[in-house]
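Asks: Below is a structure I'd like to ask you about.
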Amino acid sequence: MPENKSITKPALQTLPQLQARWTFLYLEHCKVNRDQNAIKITDKEGVVYLPAACINALLLGPGTSITHQAIMLICEVGITIVWVGEEGVR
């Protein structure tokens, strides 16, 4: 039989609070990358860094490209990704 190893649970204070997160963020015509534990959003107007733990859903519109590293971070944090049409429709 395998050994019964004790599992250490994280303290409740260290877990992100769901009510502290934004509901969703819609992005189009940009590049989404990972920069440490932040989502780096780059478009023609500049760069924005978004802490990964502050959002529930990411809506990606046309013209958006996303890196594998960004997808890994998004999955680790538990963000839902939805690919949508122009201006969030269809």
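Asks: From the residues in the range 78-90 that are without any contact (Cβ under 8 Å) to a residue 40 or more places away in the chain and at negative phi, which one is surrounded by the fewest Cβ atoms within 10 Å (Cβ to Cβ)?
Replies: Filtering first and then ranking leaves 89.
Asks: Could you grab me the full set of residues in the range 71-90 that are among the small types (Gly, Ala, Ser) and not in a loop (DSSP other than H, G, I, E, B)? Spell out how you get there, then give the answer.
Replies: So the first thing to find is which residues in the range 71-90 are among the small types (Gly, Ala, Ser), and the list is 78, 85, 88.
88 - this is the single residue of the range 71-90 that is among the small types (Gly, Ala, Ser) and not in a loop (DSSP other than H, G, I, E, B).
Asks: Let me ask something else. Of everything in the range 24-77, what is exposed (fewer than 13 other Cβ atoms within 10 Å of the Cβ) and of a type in the set (Val, Ile, Thr)? Give them in sequence order.
Replies: 47
Every number here is computed from the coordinates shown, using simple stated rules; none is lab data. Worth saying up front: this structure is predicted, and the values here are computed from it rather than measured. In this analysis, Cβ positions are derived from the backbone assuming ideal geometry, glycine residues included, and neighbour counts consider all displayed protein chains.
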